[in-house]
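Taking it in order: structure first as structure tokens, then the write-up.
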Amino acid sequence: MYVKDTIAAISTAIGEGGIGIIRVSGPEAIEIVNKIFRSIRGKSLLEVDSYTAHYGHIVNSTEEIVDEVITLVMKSPKTYTTEDIVEINCHGGMVPLRKVLDLVLKEGARLADPGEFTKRAFLNGRIDLAQAEAIIDLIRSQTETGLRVAINQLEGGLSQKVGEIRQDLIKLLAHLEATIDFPEDEIEDFNSDELSDRIDGIAKKVDKLLKTSQKGKILKEGIETAIIGRPNVGKSSLLNALLREKRAIVTEIPGTTRDIIEEVINIDGIPVKIIDTAGIRDTEDIVEKIGVERSEEFLNRADLVLLVLDAHQGITAEDRKLMNSIKEKDAVIIANKLDLDSKLDFTEIEEILKDKPIVKTAAVENQGIDELEDVISNLVFSGEVKNEDQTLITNMRHKNALDRAYQMLLDVKKTFEMDLPNDFITIDLRAALEAVGEITGDTIGEDIIDQIFADFCLGK
């Protein structure tokens, strides 16, 4: 799984920028970079202190200058990977970065696999697997709340809670196995109430973490939200109001929006992926018809639906059809154009959609938008969005592991209630322990580890 060679990769994003960084890690990192680096002061990188920066040039085999750089030297073990690391700060742009990387590879480094630097940090024991996965969540976070959750996991918040559960399982398992393996020592066995309480206590800790998974999933992945309605009810105006910019074309001509417009907004820390769909109606226009079909497809898969009604025109047969189609969906009804005379029958809306919140807006005037955002926030998290505890389950792999551990603990309870010997109880306890250990990487196969780090970008 881990070959102790020296790896290198470009660690900054592709494209032009002020600075581009090439990261080199491994036992020969400093020696390799020293071969192509010429310090302005004539100093060898082999002689410098750890955590020092050095100005100079990268040169090729004919001593031709390739780029003006600053090299950062970080010596083992206090580095990201716990190995010697050199970071070459070049001018941004792919040409100088690739030329410098080519020189590093020619001197003996190997091109790193995706996520291999973080993988080495995990394999060398600097971080556990949950912390390693938090790094990619941190990079991909879409809101400040999502960022805080990722940082909490990177700092070990989740690992600590998982560790407590593992320790509880280990202590319980060790005691039960001791009573089985050393009966002559007359180790005191648990009485029925004590064993039941111990198992219940562990199960409650697992369940408490599991209950955060829905919130964590939303903060990490966002919530897909479809703005639907018949043509010209103000869907595009609503999108522009939510974005605080004129993103969608707004006209009085029905059918202006013919394709899906997608944007992400931040509502109380929730990444809300807003989709402005084509107006849903019967039409003979081929292009508009395709747009309507795509709108109906997205409606079916959306996590949340914003149904826009034209308050000035009142409820039509098309509106009723749409209302009936979202009865089983999480939805908010938006009575739009209330800056004009309203002809909406709110009683009829409530009869068809009894439990759906209704928000009154005038999107072109930005009226009611703050109230709509509050309703979305409360609907998504049931008023619990501003929880102070930032330790959440955001990873499906973690949730699956906890689900299996929880089921094993329920099986332990059944086994115990059936008054079966401790041998049977320990089988399920070991399975629960193994499932929980998968989260931090204490009990996991090489193939799973490779799969996890394959999702990382190069250079991380």
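The values are calculated or read from the model by the stated rules, or taken from the named source; none is laboratory data. Because the structure is a prediction, the values reported are computed rather than measured. Here the Cβ is made from the backbone with ideal geometry for all residues, glycine too, and neighbour counts use every protein chain on show.
Just checking, which of THR52, THR12, THR62 is polar (S, T, N, Q) and farther than 30 Å from ILE139 by Cβ?
Among THR52, THR12, THR62, only THR62 is polar (S, T, N, Q) and farther than 30 Å from ILE139 by Cβ.
Hey, can you tell me all the residues within the stretch 230-240 that are hydroxyl-bearing (Ser, Thr, Tyr) and either farther than 21 Å from ILE326 by Cα or modelled with pLDDT of 85 or more (or both)?
SER237
Could you grab me the full set of residues in the stretch 24-76 that are surrounded by 15 or more Cβ atoms within 10 Å (Cβ to Cβ), touching a Gly at 6+ places or on another chain (Cβ under 6 Å) and aliphatic (A, V, I, L, M)?
Correct list: ILE32 only.
Any idea how many residues of the stretch 427-458 are in contact (Cβ under 8 Å) with a residue 60 or more places away in the chain, more than 19 Å from the chain's Cα centre (by Cα) and closer than 30 Å to LYS413 by Cβ?
8
With the requirement that a residue be among the basic types (Lys, Arg), in a loop (DSSP other than H, G, I, E, B) and in contact (Cβ under 8 Å) with a residue 12 or more places away in the chain, what does the stretch 204-233 give you?
Scanning the stretch 204-233 gives a single hit, ARG230.
Could you count how many residues in the stretch 100-132 are among the charged types (D, E, K, R) and in contact with a strand residue (DSSP E or B) (Cβ under 7 Å, 6 or more places away or on another chain)?
Here the count works out to 3.
Has the stretch 156-177 got any residue that is at pLDDT below 90, surrounded by fewer than 22 Cβ atoms within 10 Å (Cβ to Cβ), out of contact with any Lys or Arg (no Cβ under 6 Å at 6 or more places or on another chain) and under 22 Å from GLU221 (Cα atoms)?
Scanning the stretch 156-177 turns up no residue that is at pLDDT below 90, surrounded by fewer than 22 Cβ atoms within 10 Å (Cβ to Cβ), out of contact with any Lys or Arg (no Cβ under 6 Å at 6 or more places or on another chain) and under 22 Å from GLU221 (Cα atoms).
Within the stretch 9-74, which strands (runs of 3 or more DSSP E) (wholly inside it) include 3 or more residues that are closer than 26 Å to GLU116 by Cα?
Numbers: elements: 19-25, 37-39, 52-59, 65-74.
Filter on the stretch 9-74 gives 19-25, 52-59, 65-74.
Condition first: modelled with pLDDT of 60 or more and surrounded by 20 or more Cβ atoms within 10 Å (Cβ to Cβ). Now tell me which residues in the stretch 241-260 satisfy that.
Residues satisfying the conditions are ALA241, LEU242.
Being outside the structural domain of THR12 (by TED's automatic domain parsing), of a type outside the set (Val, Ile, Thr) and over 30 Å from LEU97 (Cα atoms) is the requirement here; does ASP455 meet it?
For ASP455, the condition - outside the structural domain of THR12 (by TED's automatic domain parsing), of a type outside the set (Val, Ile, Thr) and over 30 Å from LEU97 (Cα atoms) - is not met.
Scan (1) touching a helix residue (DSSP H, G or I) at 6+ places or on another chain (Cβ under 8 Å); (2) at pLDDT 85 or above for the single condition ASN422 breaks and write down its number.
(2)
Is it the case that some residue within the stretch 66-74 is aliphatic (A, V, I, L, M) and within 30 Å of LEU158 (Cα to Cα)?
Just the residues of the stretch 66-74 that are aliphatic (A, V, I, L, M), to begin with: 66, 69-70, 72-74.
Retained after the next criterion (residues that are within 30 Å of LEU158 (Cα to Cα)): 74.
Yes, the stretch 66-74 has at least one match.
Anything in the stretch 294-329 that is more than 19 Å from THR361 (Cβ to Cβ) and either assigned to a loop (DSSP other than H, G, I, E, B) or among the aromatic types (Phe, Trp, Tyr) (or both)? List them, or say none.
Across the stretch 294-329, the qualifying residues are PHE298, ALA302, ASP303, LYS327, GLU328, LYS329.
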